[in-house]
1. Which residues, counting only those in region B:180-205, are among the charged types (D, E, K, R), within 14 Å of chain A (Cβ to nearest Cβ) and open to solvent by 10 Å² or more (accessible area, probe 1.4 Å)?
2. A:E463: at pLDDT 95 or above and not assigned by TED's automatic domain parsing to the domain that holds A:S589, yes or no?
3. Is it fair to say A:L544 is assigned to a helix (DSSP H, G or I) and surrounded by 13 or more Cβ atoms within 10 Å (Cβ to Cβ)?
4. Is it true that some residue in region A:276-295 is within 16 Å of A:L78 (Cβ to Cβ) and either open to solvent by less than 20 Å² (accessible area, probe 1.4 Å) or in contact with a Pro (Cβ under 7 Å, 6 or more places away or on another chain) (or both)?
5. Which condition from (1) within 12 Å of chain B (Cβ to nearest Cβ); (2) at pLDDT 85 or above; (3) not in a helix (DSSP H, G or I) is the one that A:P593 breaks?
6. Among what's in region B:422-456 and is open to solvent by less than 20 Å² (accessible area, probe 1.4 Å) and assigned to a loop (DSSP other than H, G, I, E, B), pick the residue that is farthest from the other protein chains (Cβ to nearest Cβ).
Amino acid sequence: MGGHDADIIVVGGGHAGCEAALACARMGASVLLLTLGWDTVAAMPCNPSIGGPGKAQLVREIDALGGEMARNIDATYLQMRLLNTGKGPAVRSLRAQADKAAYGARMREVLRRERNLAVEVAHVVGVEVGADGSARGVVTRERGPVRAAAVIIATGTYLGGTIHVGDRSWSSGPQGQPAAEELGHALAKLGLRLARFKTGTSPRVRKDSVDVSKMQEQRGEVLPFGFSFETGGTRPDQELCWLTYTTPRTHEIIRANLGRAPLYTGAITGRGPRYCPSIETKVVQFPARERHQVFLEPETRNGDVMYLGGLSTSLPADVQEEMVHSVPGLEDAEIVRPGYAIEYDCLVPTELLPSLETKKVPGLFAAGQINGTSGYEEAASQGLIAGINAVLKIRGKEPFVLERSEAYIGVLIDDLVTKGTCEPYRMMTSRAEYRLTLRQDNADLRLTEKGHGLGLVPEERYERFLARRRLVRDEIERLTGTVVPGDAETARMLAAIGTAPLQAETSLGDLLARPEVTYEKLAAIDPGRPVLPQDVVQVVEIELKYAGYIRKQRGQIERARRLESRLLPLHVDYWSIAGLSREAREKLSDIRPRSIGQAARISGVSPADIMALLAYVESGRHRGEDSELGV
Amino acid sequence: MKVGQARTPKLTRGRERVYMQGYAENDTIAAISTPLGEGGIGIVRISGPRALEIASRLFRDPSGKRHRTLKPWGLRYGIVVDPETGEEIDEALASAMPAPHSFTREDVVEFSCHGGIGPLSRVLDAVLKCGARLAQPGEFTRRAFLSGRIDLAQAEAVIEIVRARTDSARRLALANLRGGLSAAVVSIRDDVVALLAELEAAVDFPEDDVGEPDHAAITRQARETASRLRGLAARARCGRVYRDGVTVAIVGRPNVGKSSLLNALLGRSRAIVTDVPGTTRDAVEDWTNMRGVPVRLVDTAGLRETDDPVERLGVERTRERLDEADLAIVVIDGSEPLSDGDVAVLRRASGKGGAVALNKSDLPPKVSESDVVPHAAGMPVVRVSAKAGAGIGSLEGTIARLAVGRVAGVSEGMVMATARQQEALERAAAALDEAARGVDGGAPLDLAAIDIREALFWLDQITGRSASDEVLDKIFSEFCIGK
C-alpha cells in the first residue's frame, strides 16, 4: 500500500490484539501487530480459565464468526465443565481451565502461520494523525513513525499501569513489563477521555506445598462438544481442581490488617469490579459470612503453580502469607507470587462508535480492556469486531454492528458505547435481555452466515455449517410434522416414558414440549428417526421444548425493534430540541445514539426525553426529512 | 426579571436547519384553564418564554393608567386591558411563576378573572393578540411531562383532575399526581426486581456460594406479588368508579313516584353538580353526586304489561335503559299493598342489582320490608319519601356503597388509574402468574426470568423506568459474589 508499512497496525498482543490481527489478516488486509514482548502474546495474567455464564456464549460467537479463541482453548484446556445444566437452556455455559503456557504458545503459532500478518516487538509511544484528523499510524520508540491506514489500540491494562501490594506500589504492566506511559498521554492529547480502573489478582502457590487431601476435588466432564463448533467432545484425562474455604481466623487476619490494605487506606483510587471483589472487600462487606470459597486451579499441565481463585488481594505480602496459611490445606503453602492490584487508565467507552472506532479520530479503533472491560473473552470479542471494522473502514464499507438481539457481542458493545461503564465491565447472561435466543448451542446458526459473508469463515467450514443447519431444520420440520395417533398402543408407550396419554392426535414436536419428555425418551414412539450428531439433537430439542418461551421472546424483540428502527439523524443539535432535560441533552450530544431504542438505554435519558425525541423524529418525518436519517 | 430559559443557540448552519424544521415548543401558549360555565372565578393561563412580557403588556394598575409589573410568586390586583384599544376588559388577580418552578417548568402567568364565558374569552383574545398561541387540549400537561416535571402516570392524573366530576374523583386524581399510583407500583416493582435478582445471581454465579434459589419460595413470591398487583388493579378499578361514575336506572310501576324521586335525588344535590360538557340535560336523566360517586340517574317509563302499542314502545325503552344501567333503583309505592306488577319489576331488576326504594313513607304504610325482601334478591330496601325528602340521604349512601363495592369489592385505599395503566397492572400480574406456573411445571429458572422481566416491562410502562442495571445492583448488594 502506498507509503504504508501495513494496512492496519494492531497495538498490543493480548486476547483483543490477537483476534483483531487475525481477523484483519484473514479478511485479506496486511497487518502489523506490535507487542511489548513476544512471550506475553495471548498471555493470561489473571485466572487460568475461559468461559462461564455469558462468557462462554461470547467465545462460541467468536468461533461462529471465524475467530480463534474457541479453537485455541479447545486445543489447550486442562479441564472442561458445563455449568448451569439445571438452570435452563439459555444459561448452560462451558467453562474451561486453561493451560496458560500452552494457550499462549498455540496462539503465537497461529499468528506466525497467518499470511499477511507480521509481529514486531516495539514500544508504541504515540498515534500519528494526518491533516484531516484521522489516524495514519503510530510512533514507536524503536522505529519512530510506522504508517498504516487504520490503527487498533488493544493495550489492555498497560496504560499508566500501577501495581499495588500492600503499601508498596510501582509503575508496571501486569506481566512485569513496563507500563505504557506515553501512549496514554498521546490518547488524551487527541481529546479522548480516560478513566482509571482497578482490578486485582490472587496469590499463586507451589503445587507441592499444598495438602489437597483437606480439600474437595473438582473434576472435569466428558462432554460431546467443546467451545468451537469445529472441534469434537472433551477428552477424559483432565486435570483436577480443588475447593477449600477461608476460616474465621482468615477473616481476623484480614480485619486486623485493613490499615495496611491499599483499598482501604486510599492508596487505590481506581474503580474495581463488584463481581470480582478482593477477599478484603468480601470480608468487610459481608461480615456475617463465616467462610468464602477458595479454588485451587492449575496454571499449566503438570506444572508447579496453582492459582488461588477467590483470594484476589492487594494486602501486604507478609499478610497474604499469614492469610493463606489460615486456609485448610494451605497451612504450609509457599507463595510463588503474591496477589496484587493493578490500576490502569482506560478509554471512556462512550468515546467509541458501535464499530469500536473512536468518534474523535477516524481510523483509530480500540478493543479490549482499554475500553473498560475485564476478561479475556470480552477482550477477544471486541478485538474481532474492531479488526473486522478496521478492514471495512479502509475498504470504504459500512461497519459491521451486531444487534442486542443477535449476539452477546452485540450486547457487550452496545452496553459499552451507549451506557459507558463505571467499573470494569464483565459479561453476564442477565445483561442479555434476549438470552434464550442467544444460546451457546445456536451461536453458529446466528452468526456463521455473517462470518462467511465477511470472509472470515472459509468455504470448507461454511459447507459443514450449511450441512448442520440443514440437519437442524429438517429434524425440526420432521418432528413438528409427524403426528402421533391417540390410540391405546401409543398411550402404553407414553406411560412407559412417564407421561400422560394424549387427548387428541399430537405432533412429536408438541410432545417434546412436555417437561418430562426428552428427545431421547421419545425414541420409543419415533422409530423412523434419523441418526443425528448430538449437537444437532441439542439445538432441535431446545428449539421445540421451549418453543413457547422462544416465541414470547421473539415478541419482546419485535416490540423493542419498533424503537430500534426509529433512527435519529446523524447531526442533531440536541440543544435545539424542545422538551429534553439538560442531562439528556448532554448525554445525547456525547453519545449520539443511532436510534431512539439506543437513546432509551442511555442512563439519564428519561421516558419523557424519549417522548420528546419521538415527537422530534415525527415532525421531521412529516417534513420529508427521512433522507437525513440514519447511520 | 429575566424571561425564558437559557436557550441561546449558536446559529451554525446545521443548528439553524434543525431549528427551522420545528417541533419548536418554545412558543408561548394560552388557554382558559377552568371549566367553562357561570363559575365565580375563571383562570386564563399563559405559559412559555413570552408569558411575562405578554402579561405585563395587558395588565394595568387599578386606575387603569399605568402598566403593572408582575412580581414572581406574588398576587397582583389590576385591570386587564385590550392591548390595541386600551379598553378595560375585566379586573383580575395576576400571579407569575417563573421557570423552572412552575407546572410546565416554563414561565407561567395566570389571570384569575370573573368567571363566565364572556370576560374570560375576551381576556384570552387579548393574550392571543399579544402573540400567544391558543393551547391545544392537554398541551400544558404535555409540556409539564416533556419538561420532566411530571411522569407519565402523573401527566395522566392531571387530565383526570381536569375531567373530575366530583370532589372524590378530584382528590383521587390529585393523590395520583403526587405519585400515588407510581408510589404503589414502585414498591411492588422493588419486590419484582429482588425476585429477579435472586434468579439471576444463581444463574450468573453458579460457582459462588449464593445458594440455589428455592423454587417453592419463588413461585410463592411471584404469586404473592401478582395478587398485590391485582389488588392494586382492583383499587384502581374502584377509583375508576369515582372518575367514570355509574348509571342508575329508576324503574317501577307507573305512578309509584319515580320522577319525584329523581327530582328529590337531583334537587338535594343540584348545587354541587358540576357542569360537564357533553352531558345532556333532558328531563329524564342527569348527573348527580352520591357520596363522591358521580351517578347518572335515568328516569324510565312505568313498567307494566300492556296492549297499547305506544306504551309498549315506552316499556321496551325502559328495558333497554335498565340493561344499559349499572344499577337499578326499584321504586315501590309503600302506601299500597305490594302488587304482582311490583313483583314483576323486582324480578326484572334483580339481575341488575341495586336498591329498593319503598316510597311514600309519609303515608300510612301498606307494605313492610319483609313483604319485599323475598322478591328483592338481596337488594337492600330503603324507606323514602320523595315528597317529604325523607330517607333520600340513606338511599344515596346505599347506592354509592353498591356502586363502589360492585366494581371492586373494596372500598378503601383507592387509586386512580387510566385504562392504559390498568392494563399494564393486569399484564404484569399475568406475567408473574405465568412465571409461577412455569416454575411449578418444571420450567428452568432462566425461562421463569423471561416472564419476570415481562412483568417488569409492564410495571415500567407505569413508572417509566428501566430495570436492567438495577437487577445487577441488587445482585451485588445482596449476594457475596466473586470467585
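1. B:E198
2. The answer is yes for A:E463.
3. Yes: the conditions hold for A:L544.
4. Yes - at least one qualifying residue is present in region A:276-295.
5. Every listed condition holds for A:P593 apart from (1).
6. Looking at residues that are open to solvent by less than 20 Å² (accessible area, probe 1.4 Å) and assigned to a loop (DSSP other than H, G, I, E, B), I get B:A443.
Residue-by-condition table, conditions (1) within 17 Å of the chain's Cα centre (by Cα); (2) modelled with pLDDT of 95 or more; (3) within 30 Å of A:E541 (Cα to Cα):
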| position | (1), (2), (3) |
| --- | --- |
| A:A386 | yes, yes, no |
| A:I394 | no, yes, no |
| A:K397 | no, yes, no |
| A:F400 | no, yes, no |
| A:Y408 | yes, yes, yes |
| A:L412 | yes, yes, yes |
| A:L447 | yes, yes, yes |
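Yes/no per residue for (1) free of Cβ contacts under 8 Å to residues at least 12 places away in the same chain; (2) surrounded by 24 or more Cβ atoms within 10 Å (Cβ to Cβ):
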position	(1), (2)
A:R60	no, yes
A:K87	yes, yes
A:S93	no, yes
A:A102	no, no
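The values are calculated or read from the model by the stated rules, or taken from the named source; none is laboratory data. Model, not experiment: these values are computed from the prediction. Cβ sites come from the backbone with ideal geometry, for glycine too, and all protein chains shown count toward neighbours. The accessibility values were calculated without ligands, DNA or RNA, using every heavy atom of the protein model including side chains. Shrake-Rupley method; radii C 1.70, N 1.55, O 1.52, S 1.80 Å.
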